[in-house]
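*Asks:* I have a structure here, written as C-alpha cells, and I will follow up with some questions on it.
The values are calculated or read from the model by the stated rules, or taken from the named source; none is laboratory data. Predicted model, so just to flag it, every value in this text is computed and none were measured. With ideal geometry, Cβ positions are generated from the backbone for all residues, glycine too; neighbour counts draw on all protein chains shown.
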C-alpha cells in the first residue's frame, strides 16, 4: 500500500503540442540571432518566421488558458499572493503540497513567461534591420517608437534567457523532489503518492474540448500564416 500512487492525466495533447512546438520555435529564434554568424548562415526572414510561429502558438495558449481543459486554465493554477507566499515558505522548509497543475510559484512563472514571449513576438512585428528585412507592421510607428521597441526587443530577449534558465532549474528541482515534469510533458500523466490538493474532474466533454481546441488553433494558425505571407510579400 505504501508504494501505491495516484495517476492523473494533467496535460492534454494540445498543451503538449503547444509546449514542444514552442520549444522548437524559440530555439530557432534564438539560434538565428544569438549564435555568432547565424544571421549570415540564415536569412533574417528565418528569425521572423520563427517569431510568427511563436505568436501563433501563444495566441492558441492564451485562448486555451481561458476555455481549455481544466488543468490548462489560468484560473486553475493562478493563486492569490498569500497562498503563493505560503507555498514558497513550505517549499523552503521542504514541505510543499503537491499540485496536479502548476504550483503557485510555477503558475505565476508561466504567466510571466507567456507575457515576455508575447511582447517579444509582437514587438518584432514593427522592426526592421535597416538592410534586408522589414517586418509586416514596420512603419506604423514613428522612428522614435520603433527605436524604443528595438531596444526593448533586445533587452527582453536577455530576460527570456533568464526565464528559460529558471524554468530549467525548476524542472530539475521538481525531479529531485520526485516529480518528473519532463516525463509528464511527454505523456500528459503525473503520478502522486496522494491526491494533489488541486485535483479535480474535467467539466467539459471530449467533443467540446476538441471543438474549442480546433477553434483556438484556427485563430492562432490563421494569424501566423497571414503574417508569414504578409512578411514574405516584401
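*Asks:* Just need a number here: residues in segment 176-195 that are exposed (fewer than 15 other Cβ atoms within 10 Å of the Cβ), in contact (Cβ under 8 Å) with a residue 24 or more places away in the chain and closer than 20 Å to residue 17 by Cβ.
*Replies:* The qualifying residues number 2.
*Asks:* Still on this structure, I have one more. Given the structure, is residue 50 loosely packed, with under 15 Cβ neighbours inside 10 Å, at pLDDT 90 or above and touching a helix residue (DSSP H, G or I) at 6+ places or on another chain (Cβ under 8 Å)?
*Replies:* The answer is no for residue 50.
*Asks:* Looking at segment 123-141, which of its residues are touching a strand residue (DSSP E or B) at 6+ places or on another chain (Cβ under 7 Å) and not in a loop (DSSP other than H, G, I, E, B)?
*Replies:* Of everything in segment 123-141, those that are touching a strand residue (DSSP E or B) at 6+ places or on another chain (Cβ under 7 Å) and not in a loop (DSSP other than H, G, I, E, B) turn out to be 128, 134.
*Asks:* Does residue 120 satisfy the criteria of being touching a residue at least 12 places away in the same chain (Cβ under 8 Å), touching a strand residue (DSSP E or B) at 6+ places or on another chain (Cβ under 8 Å) and over 29 Å from residue 210 (Cβ atoms)?
*Replies:* In short, no.
*Asks:* If you scan segment 72-103, which residues turn out to be more than 19 Å from residue 177 (Cβ to Cβ), assigned to a helix (DSSP H, G or I) and in contact (Cβ under 8 Å) with a residue 24 or more places away in the chain?
*Replies:* 72, 74, 76
*Asks:* Here is a follow-up. Considering (1) in a loop (DSSP other than H, G, I, E, B); (2) in contact with a helix residue (DSSP H, G or I) (Cβ under 6 Å, 6 or more places away or on another chain), say which one residue 120 fails and leave the rest.
*Replies:* Of the numbered conditions (1) in a loop (DSSP other than H, G, I, E, B); (2) in contact with a helix residue (DSSP H, G or I) (Cβ under 6 Å, 6 or more places away or on another chain), the odd one out for residue 120 is (1).
*Asks:* Would you confirm whether any residue within segment 104-112 is surrounded by fewer than 16 Cβ atoms within 10 Å (Cβ to Cβ), in a helix (DSSP H, G or I) and modelled with pLDDT of 95 or more?
*Replies:* Yes, the conditions are met somewhere in segment 104-112.
*Asks:* Right, next: Checking residue 182 against (1) at pLDDT 90 or above; (2) within 19 Å of the chain's Cα centre (by Cα), only one condition comes out false. Which one?
*Replies:* Condition (1) is where residue 182 drops out.
*Asks:* Would segment 198-209 turn up any residue that is in a helix (DSSP H, G or I), surrounded by 13 or more Cβ atoms within 10 Å (Cβ to Cβ), in contact with a strand residue (DSSP E or B) (Cβ under 8 Å, 6 or more places away or on another chain) and touching a residue at least 40 places away in the same chain (Cβ under 8 Å)?
*Replies:* No, there is no match, as no residue in segment 198-209 is in a helix (DSSP H, G or I), surrounded by 13 or more Cβ atoms within 10 Å (Cβ to Cβ), in contact with a strand residue (DSSP E or B) (Cβ under 8 Å, 6 or more places away or on another chain) and touching a residue at least 40 places away in the same chain (Cβ under 8 Å).
*Asks:* Would you confirm, using the coordinates I've provided, whether residue 74 is within 19 Å of residue 201 (Cα to Cα), surrounded by fewer than 22 Cβ atoms within 10 Å (Cβ to Cβ) and touching a helix residue (DSSP H, G or I) at 6+ places or on another chain (Cβ under 7 Å)?
*Replies:* Here the answer is yes, as residue 74 does meet what is asked.
*Asks:* Please give the number of the condition residue 97 fails out of (1) in contact with a helix residue (DSSP H, G or I) (Cβ under 8 Å, 6 or more places away or on another chain); (2) crowded, with 16+ Cβ neighbours inside 10 Å; (3) modelled with pLDDT under 95.
*Replies:* So residue 97 meets the others, but not (2).
*Asks:* How many residues does segment 7-47 hold that are modelled with pLDDT under 85 and outside any helix (DSSP H, G or I)?
*Replies:* Total meeting the criteria: 5.
*Asks:* Looking at segment 142-175 only, could you name the residues that are more than 17 Å from residue 22 (Cα to Cα) and in contact (Cβ under 8 Å) with a residue 60 or more places away in the chain?
*Replies:* Passing the criteria: only 170.
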